[in-house]
Amino acid sequence: MHQTILVLDFGSQYTQLIARRLRELSVYCEIVPFNTSIDAIRAKEPVGIILSGGPMSVSEAGAPKCAPQVLDLGAPVLGICYGMQLMTDVLGGEVRRSGQREYGHAHVTVAANGSQPRLFAEVPSQLRVWASHGDDVTGVPPGFAVTATSATAPIAAMEAPERSLYALLFHPEVAHTDHGVEILRNFAYNVWGCTGNWTIASFIEEATDRIRQQVGSGRVVCALSGGVDSTVAAMLIHRAIGE
């Protein structure tokens, strides 16, 4: 029904924000666990995939990793923070523990490589961004170009447009990053080719229709905790079938 972007969740505190920003851009987005099978990902036919941030280092024992085939599905992939480090590690780049974990504002310069990087189209060349990482990317994988740098992270962003792979070491989804929404819009519309065919209003109508079809002539028991999720569920059910 809708173009879908999948966010593979590696445990970042900002994962829900990624989905929220995309939904605010009228793009349908689902969050799934990082270890979702490649068959399950294919079945959703995503137009794009995001690898979220996460608290671990890719070099740690037990660090979360997705199926490597995710990077070869053909759908454009954006790695954010841990997602960039994982992409680098899987594809043969170099990731090293930094001398000091970076947390807070950083100043990024968009690299001038003869053409405007697709991540930063119509975005100023100097940006104040929000960083939160303990690893640095010290060498990009073969075929990648560095698209942004900072004083503390010589490789703050990279891309391989021929392979539809992009990555950022900072978090565009948080309000602390200047022009972060524009960066995500570039991914959604310029890279993924989204048409913006989803709204929260359409979700309400579609959810209501699905409930009616599922219930049919039956009756429903709805458990209500008083929290937001169950209250929304109860209101949708009431909208669909009444008392």
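The values are calculated or read from the model by the stated rules, or taken from the named source; none is laboratory data. What you see is a predicted model, and the numbers here were worked out from it, not measured in a lab. Glycine gets a Cβ as well: all are built from the backbone with ideal geometry, and neighbour counts include every protein chain shown. The protein model used for the area step is the full one, side chains on, heavy atoms only, and it has no ligands, DNA or RNA in it. Shrake-Rupley method; radii C 1.70, N 1.55, O 1.52, S 1.80 Å.
Antiparallel versus total DSSP beta bridges in the chain: what percent is that, nearest 5?
On the way: 23 of 40 bridges.
Bridges in the chain are about 60 percent antiparallel.
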* To do: Leaving ligands, DNA and RNA out of it, rank H107, H2 by accessible area with a 1.4 Å probe, largest first.
  => H107, H2
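Explain nothing, just the number: dipole magnitude of the chain about its Cα centre with +1 on each Lys and Arg Cβ and -1 on each Asp and Glu Cβ, in debye rounded to the nearest 20. All intermediate terms of the calculation are to be shown ahead of the outcome.
Details: 17 positive and 23 negative charges, 50 e Å.
Dipole magnitude for the chain comes out near 240 debye.
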* **segment 48-200: C-alpha gyration tensor shape, a/c 1.5 cut-off, then a/b vs b/c** => rounded
* **Burial order of peptide ranges 155-168, 36-49 (average beta-carbon count within 10 Å, highest first)** => 155-168, 36-49
* Structure fact -> Taking every alpha carbon pair in segment 1-86 and sorting the distances into 10 angstrom bins from 0 up to the bin holding the longest one, the percent per bin comes out as 18, 55, 25, 2
* Asked: Roughly how many Å is it from the Cα centre of segment 25-54 to that of segment 167-243, as a whole number?
  -> 15
* **Exposure rank, largest accessible area first [S26, S57; 1.4 Å]** => S26, S57
* Asked: Does segment 173-243 come out rounded, prolate or oblate by the C-alpha gyration tensor, with a ≥ b ≥ c the root eigenvalues, rounded set by a/c under 1.5 and, if not, prolate when a/b is larger than b/c and oblate if not?
  -> oblate
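Compare E182, E122, E205 by solvent-accessible area with a 1.4 Å probe and give them largest first, with all protein chains kept in place. Mind dumping the intermediate values first?
Values: E182 70, E122 180, E205 90 Å².
So the residues, ranked largest to smallest area, are E122, E205, E182.
For segment 115-243, with only Lys/Arg (+1) and Asp/Glu (-1) charged at the beta-carbon, what is the dipole magnitude about the Cα centre, in debye rounded to 20? Don't skip to the end; give the middle numbers.
Details: 8 positive and 13 negative charges, 61 e Å.
Around 300 debye, computed over segment 115-243.
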* Asked: Percent relative contact order of the chain, based on C-alpha pairs within less than 8 angstrom and at least six residues apart?
  -> 19
* Could you work out how far helix 15-24 tilts from the main Cα principal axis of the chain, as a 0 to 90 degree angle to the nearest 10? => 70
* To do: Roll a 1.4 Å probe over the protein heavy atoms and report the accessible area of R118 in Å², nearest 10.
  => 90
